[in-house]
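Read through the structure below, which is laid out as structure tokens, and then see the notes.
The values are calculated or read from the model by the stated rules, or taken from the named source; none is laboratory data. Quantities reported herein were computed from a predicted structural model and do not represent experimental measurements. As a convention, Cβ positions derive from the backbone with ideal geometry for all residues, glycine included, and neighbour counts pool all protein chains shown. With ligands, DNA and RNA removed, areas are computed over all heavy atoms of the protein, side chains included. Shrake-Rupley method; radii C 1.70, N 1.55, O 1.52, S 1.80 Å.
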Amino acid sequence: MNKVILNGVDLSIEDVVNVARNGYQVEIDKDCMAHIAEVRNYMESEWMRDDAPAVYGFNTGLGKHKDHKVTIEESDLHQYRTVLSHCGGVGDPAPEEVVRAAMCVRLNAFCRGVSGLRPVVVERLVELLNKGVHPVVPWQGSVGACGDLAPMAHIVSVLIGVPQAEAFYQGERMPAQEALKKAGITPVEFQLKAKDCLALLNGTQFMSANGVFAMLKAFRLSKKADLIAALSLEAFDGRIDPFMDCIQQIRPHQGQIETGEAFRKLLAGSELIERHKDHVQDPYSFRCIPQVHGATKDAIRYVASVLLTEINSVTDNPTIFPDEDRIISGGN
């Protein structure tokens, strides 16, 4: 069975697509799982007490309630209600591939071992993904600045078997509890513990998943733009001169060089392009194609580099660093 091993550092765009579209299974690297357990043990041994210092989302409320301490006794109910309160998405369900990609990227972030959730929750999310239980996640509702709270809450609501939650299983939409039962998954029902909930909700993996597919579409459109422009150049009886490599090399932007090469290949052997031209030069709209299409290629490539970094990043808050004995609230 095809599989992607997640370790938090070298997930590729191709890996995400294979999990999202091609049904690849995921597995957490054994060393990463051990580190997740170590960090959780640190949290429970050092911070799981009512007189511990305040840690956002672990023993405090959220948002404007950040200064309100939550006791150990209140914690489980607080986690559950946090999930319910953030299930506020609206609109049609997001495509299965986007949901699968988001789950995959979220799991990859957990592999860095700084989120502080329990290993059993990570294992259950892996099981959900690998057994094809796809939460119904409304398209609209992400806050953005605070992370994908609403989309991730809808995913978590299925993970813990919230009665109102829904999922797709084997192409059929049904109550989450029914989907979990059919897939042979026992929900972590009402059992999220301190930091589990915030680690699952607070991140940017849903928007990163959408970004991956938008980027793939942009690459396809860029190639189609070259095809359309090459055909148009032929129809106009245009010149190949502006696409020669020598002129690209004296303004050596990578995308411009690639565009010139693409056009020379596309138009190789064209009788229309090779025949004698009476006009001295083509209009800007044709002879500046390498510069315009090239700049677009460079921009898309930059976006791809950002997304590659993002899918291998930790974006939840706060994050735990046992070696430094620090829990840091930041802005990732």
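Values as computed for the structure displayed
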| read-out | value |
| --- | --- |
| Cysteines (scope the chain) whose Cβ has no counterpart Cys Cβ under 4.7 Å | CYS87, CYS104, CYS146, CYS197, CYS246, CYS288 |
| Square roots of 5 times each gyration tensor eigenvalue, C-alpha, region 2-158, largest first, Å | 28, 21, 12 |
| THR60/MET1 FRET efficiency (R0 35 Å; Cβ-Cβ; nearest 0.05) | 0.25 |
| Counted charge near THR204, where neighbours are those whose Cβ lies closer than 12 Å (Asp, Glu -1; Lys, Arg +1) | -2 |
| Accessible surface, per residue, of region 78-137 when the full set of protein chains is kept, probe 1.4 Å, Å² | 29 Å² |
| Radius of gyration, Dmax [region 1-50; alpha carbons; angstrom] | 15.2, 47 |
| Solvent exposure, largest accessible area first (probe 1.4 Å, DNA, RNA and ligands not counted), of CYS111, CYS146 | CYS146, CYS111 |
| Overall dimensions of region 144-208 by Cα: Rg and Dmax, Å | 12.5, 36 |
| Of the trypsin sites (Lys or Arg not before Pro) in region 1-79, those whose Cβ has at most 13 other Cβ within 10 Å and which sit in DSSP loop | ARG49, LYS66 |
| Descending semi-axes in whole angstrom, ellipsoid equivalent of region 254-321, from the Cα gyration tensor | 43, 12, 6 |
| Percent of alpha-carbon pairs separated by more than 22 Å within region 156-299 | 60 percent |
| Lys, Arg +1 and Asp, Glu -1 on Cβ, resulting dipole of region 1-117 about Cα centre, debye, nearest 20 | 220 debye |
| FRET efficiency, ALA268 to ARG220 (Cβ-Cβ, R0 35 Å, nearest 0.05) | 0.95 |
| Size descriptor, Kirkwood hydrodynamic radius, that averages inverse alpha-carbon separations across region 12-94, Å | 16.2 Å |
| log10 of Debye I(q)/I(0), alpha-carbon scatterers only, for region 62-131 at 0.11, 0.12, 0.19, 0.22 Å⁻¹ | -0.40, -0.47, -1.07, -1.20 |
| Taking the C-alpha atoms of the chain, convex hull volume expressed per residue in Å³ | 172 Å³ |
| Per-residue SASA entry for ASP245, accessible area with 1.4 Å probe, Å² rounded to 10 | 60 Å² |
| SER75 accessible area, 1.4 Å probe, all protein chains in place, Å² to nearest 10 | 10 Å² |
| Intensity falloff of region 212-292 expressed as log10 I(q)/I(0), Debye formula with alpha-carbon point scatterers, at q = 0.25 Å⁻¹ | -1.27 |
| Modelled FRET efficiency - R0 22 Å, ASP67 with GLU46, Cβ distances, 0.05 increments | 0.55 |
| Surface share of carbon and sulfur [accessible, 1.4 angstrom probe, percent] for region 136-237 | 60 percent |
| P(r) of region 174-216 over all Cα-Cα pairs, binned every 10 Å from zero, in whole percent | 22, 27, 41, 11 |
